[in-house]
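Working notes, structure below.
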Amino acid sequence: MKFFVDICTYTPYSKVMKTNHEKADRQCRGTVFNIQKFSVNDGPGIRTVVFMKGCPLHCAWCANPESQSACPQILWDKRKCIHCQQCAENCHLSAISFHEDHFHVDDTICDSCSLCVRECPAAALKKEGERNTVQEVLNIVEQDRVFYEESGGGITLSGGELLMQPRFAENLLKAAHENGLHTACETTGFAQKETFAKIMKHVDWIYMDLKHWDPHKHKEGTGVFNEIIIENMKYAIDQGYDVHVRIPVIPGFNDTIEDARHFAETLRKAGTDEVQLLPFHQFGENKYDMLDCSYAYENKKAYHPEDLEEYRKEFEKFGMHAFF
Ligand code: SF4
Ligand code: SF4
C-alpha cells in the first residue's frame with residue numbers, strides 16, 4: 001500500500017475532484033467526538049481524522065464504544081475520581097447519581113451543558129461529542145495543510161459512522177474538496193443505497209469493513225445483517241471507486257480457516273481481490289469502564305499477524321492478496 005507520494009507529483013484534489021456544482025453548506029452542523037491529527041493509518045499520507053458520533057452497528061468488540069450513541073455523552077474515569085460528589089451537587093438537572101461509589105448520568109435528562117466536566121476538581125469527567133459546523137471542523141483540518149501536501153494526505157471521516165450523519169458528512173466532504181483536500185473515509189457501508197451513493201461520490205479513498213461473511217453471524221456480532229453492506233461494497237467497486245476492504249479478525253467470531261474461505265468467496269463475488277486483515281486488539285477496553293457498560297471481550301487475548309498466517313494464506317488460495 002502506498003502511503004506517501006513525492007511532493008513533485010502531488011496534485012491538489014481541487015483539480016481532480018468529481019464534478020459537483022452545488023457548493024457545500026459550511027454552516028451545516030454534525031456531532032463529532034474527536035479530531036485526531038497526524039494519523040498515518042487512515043488513508044494515504046499524513047491525515048487528520050474526524051470521528052463522527054453515532055453508528056448503526058454495535059459490534060461487541062468495538063474499540064470506540066463512545067462512538068456508538070449519536071448523542072454527546074459524559075465519561076467518568078474512576079481512577080481519577082476523588083468521590084467528592086461535587087458533580088452531582090452542581091448538576092442543574094440532577095442528572096448525576098452515585099450507586100455504590102459508581103458514577104451514573106441519566107442520558108435522558110442531561111442536556112450536555114458540560115458544567116460537571118468543567119467543575120470536576122480531579123478532571124475525572126470528559127464529554128464525548130460536540131456539535132460543530134463544517135467550517136469549524138475544516139478550520140482545524142486546514143492547520144496541517146503543509147503536511148498533507150508533503151505526504152499526499154488529507155482528511156479522513158471515521159466514527160462511529162459517517163453515513164449516520166449524511167447531510168453533515170456530504171457537506172464536510174464537499175467543502176474539503178472545494179479546499180483542494182484529499183478525502184478518505186472508514187465506513188461500515190450500512191445505509192440505503194441512495195445515501196451511500198450520494199456520500200461516496202465525494203470520497204477519494206474508501207475503507208470498508210466486512211465483519212462476517214454469514215448474514216446471521218454478522219447480526220449476532222454487530223446487530224445488523226450484512227446484505228446491504230455487501231451490496232454497497234459491490235456498488236462502490238463497480239463505480240470504480242478506490243475501495244479498500246478490511247476484515248477485523250475477532251477471536252471466536254470469524255477467525256477459523258473456514259471463515260477465511262467463505263470471506264474470500266464473498267469478496268471475490270463483490271469484485272475485489274485484495275483485503276487487509278485487522279487482528280483483534282484491546283485498545284478500547286478502558287472506555288467501556290468509563291461509559292459504565294460491560295465489555296464482552298474483557299480478558300480476550302489480542303491477535304498478532306503471526307497468529308493469523310494460516311488464515312491469511314487461505315485467501316491466497318482464492319487468488320486474493322491478503323495483508324496486515
Ligand atoms: S466532581 Fe469529579 S471527582 Fe468529584 S465525584 Fe464527580 S467525578 Fe468524582
Ligand atoms: S453535562 Fe450538565 S446536565 Fe449533563 S450531567 Fe453534566 S452538569 Fe448535568
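The values are calculated or read from the model by the stated rules, or taken from the named source; none is laboratory data. Keep in mind the model is a prediction, meaning the values are calculated, not measured. Please note: Cβ atoms are built from the backbone with ideal geometry, for glycine as well, and neighbour counts cover all protein chains shown.
Assorted remarks:
- Total residues in the stretch 105-157, condition more than 10 Å from ligand 2 (Cβ to nearest atom) and not basic (Lys, Arg): 33
- Condition met for Asp101 (near ligand 2 (Cβ under 10 Å from one of its atoms), outside the structural domain of Leu181 (by TED's automatic domain parsing), surrounded by fewer than 20 Cβ atoms within 10 Å (Cβ to Cβ) and modelled with pLDDT under 95): no
- Selected residue (only one of Thr195, Thr188 is without any contact (Cβ under 8 Å) to a residue 60 or more places away in the chain and either in the same structural domain as Phe33 (by TED's automatic domain parsing) or touching a strand residue (DSSP E or B) at 6+ places or on another chain (Cβ under 6 Å) (or both)): Thr195
- Among the residues of the stretch 150-208, those identified as touching a helix residue (DSSP H, G or I) at 6+ places or on another chain (Cβ under 7 Å) and of a type in the set (S, T, N, Q) are Asn171, Asn179, Thr183, Thr187, Thr188, Thr195.
- Among residues that are within 16 Å of ligand 2 (Cβ to nearest atom) and surrounded by 14 or more Cβ atoms within 10 Å (Cβ to Cβ), Cys28 is not included.
- Count - residues of the stretch 104-125 that are in contact with a strand residue (DSSP E or B) (Cβ under 8 Å, 6 or more places away or on another chain), of a type outside the set (Gly, Ala, Ser) and surrounded by fewer than 16 Cβ atoms within 10 Å (Cβ to Cβ): 3
- Yes/no for Leu157 being modelled with pLDDT of 95 or more, more than 16 Å from ligand 1 (Cβ to nearest atom) and within 25 Å of the chain's Cα centre (by Cα): yes
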